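Read-outs throughout are calculated quantities, based only on the coordinates presented, and are distinct from any laboratory measurement. Everything numeric in this text was worked out from a predicted model, so none of it was measured. Note that we place each Cβ from the backbone using ideal geometry, even for glycine, and neighbour counts take in every protein chain shown.
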Amino acid sequence: MRRAFPSREIAALAAALAAAGAPPRAWAQAPQPGLTLQQALDAAADRSGGVRLAREQLAGALGAARAARGAFDPTLTSFVTSTRDNTLGWTGRGADSVLPSRTLASSYGVALERRFRSGLSVSPEVRATRREFSPDATGRNNTASVSMVMQLPLLRGAGGQLAAPERAAAATSDAARADLLHATAVGALDAADAYWAYAAAAERLEVQRQAEARARRLVEQTRILVAAQERAQADLNPLLAALATRQAARSAAEQELVEARSTLGLVMGLEGDAISTLALPATPLPSITRGAGAETGALVRQALERRADLAAARQAVRAAGVLADAAQAGTRPRLDLQLSVGYTGAVPGEAWSSLVTPFYRDLNTWSASLEVSWQAALGNSAAAGGAAQSRALQRQGQVAAEELERRIRAGVAVAAEALRHGQEEMERADEAVALSRTSVENEERKFQLGMSTLFDVIQAEDQLTGALLSRISTQQRYAAARARLAFETGALVRDAGGRAAADASPLAESPSPPPAAAEASR
């Protein structure tokens, strides 16, 4: 039968034994401010390389869309011309029958050209001209003309074909905007994974520090017992070995925290000095909640509606389809209708007012013309080849979008299963921690009754430390699974007034996983 230890030995070990069964201190409850998960996601959404690149690509796409709209901007042209024509004329009067003749003409006017998306083009023009003749003519002749030319394509270029580049550029800019949302989601996922790794490293360090403190207290109390000749000197050796092991584990945990901080800082886009002073995480690792979650089929439908990369792929297909339709229309022959109308007025006089009076006096010269032209390229290989290339690009985009949709369906199913398994693993980890604490308490009571040794208590405490560390790793995997499911379903980002913003609420709230994942393909 094991001997009962003196009361002084039991009293000396009471504090250490009580600490062995106590849960680790929560680092997130420290009074100093820390780094929240939302702050980490916001920094990654603003500074990460992928997001900045996508932002510049969106700026380029918006510029291209504006340039495409420029094809329908009206063009205003003003002009002023002056010509002088010197010629020789014959009068039929002998030797002096050849006389020089001079004509001086000055014109000014304005012309407007406007193309519409329907294919119609309108070109009005206003022109005024003053002519001076010498030597026979006297005075000045002022003429004014107003004309308008309208051209309407009936085959090629009709029905908005000319607006195809503008519509394709608009779809491309929408795809670039969706790409920015997806890049923000990718950056937020990377930041969430790095943040949870940082949080887990901080908790593991706290567990190792407390384990080291407990081991050190056991050594100190045993030294007191050895000095009182109530324990043998040899009893210190295993305790010192356990303390050295705990010190090594604590040092490794400190290095792990440094590395996790650096990884998170890089993902957030911080510089070296800012990374080294990054605060400890303030958002705790999530815990499981009870209750039924959404069906996997519903999660898949949500993902197909909200995933920004799928929206970008669909917009790319739309842009390719617009260009393909325009290229196909380019294989048709041209059939254009052109209508011209106008009038000309003439008023003699030298006053400056005579330059404008022809616009509203003596308007007896009207003109109008109607022209129908037809043009066809024999063979038309260039247009047919371009249309075939455009259709091939459209089909390539459709294949890429279909493959992406297939991967999204599979990704949601895998993420839902990972979350469910993570919940089960969390339940087992909680159970292991609870049983380990009970084991420590039992060993303490047995030790006080002389039915257990100090080394049995140390072994139970080691098991509790291992269970706590295992639970932290389980929490980290569960948090990562939560972030992955939020990413797969498109819940990690939102459009905040045209600006891509990361949303940490689906990660911190930690809702229950879906009850079934077998229907992911529905």
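Numbers for the structure displayed
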read-out: At 1.306 mPa s and 10 °C, Stokes D of the range 409-500 from Kirkwood alpha-carbon radius, µm² per second; value: 101
read-out: Length gained when the stretch residue 252-residue 446 is fully extended (0.36 nm per residue, less Cα-Cα span); value: 66.5 nm
read-out: Projected label distance in nm at residue 494 and residue 148, using a 7 Å step from Cα toward the beta-carbon; value: 5.2
read-out: Inter-part distance where the range 142-162 and the range 256-284 are each reduced to a Cα centre, Å; value: 65
read-out: Prolate/oblate/rounded call for the range 114-255, Cα gyration tensor, a/c under 1.5 rounded; value: prolate
read-out: Percent of C-alpha pairs per 10 Å bin, the range 214-255, short to long; value: 32, 43, 18, 7, 0
read-out: Inter-probe distance in nm under a simple model that places probes 7 Å from Cα toward Cβ, at residue 434 and residue 78; value: 8.8
read-out: Nonlocal amide H pairs with residue 452, under 5 Å, H built at 1.01 Å; value: 447
read-out: Convex hull projection area averaged over all views, the range 181-247, Cα basis, nm²; value: 4.6
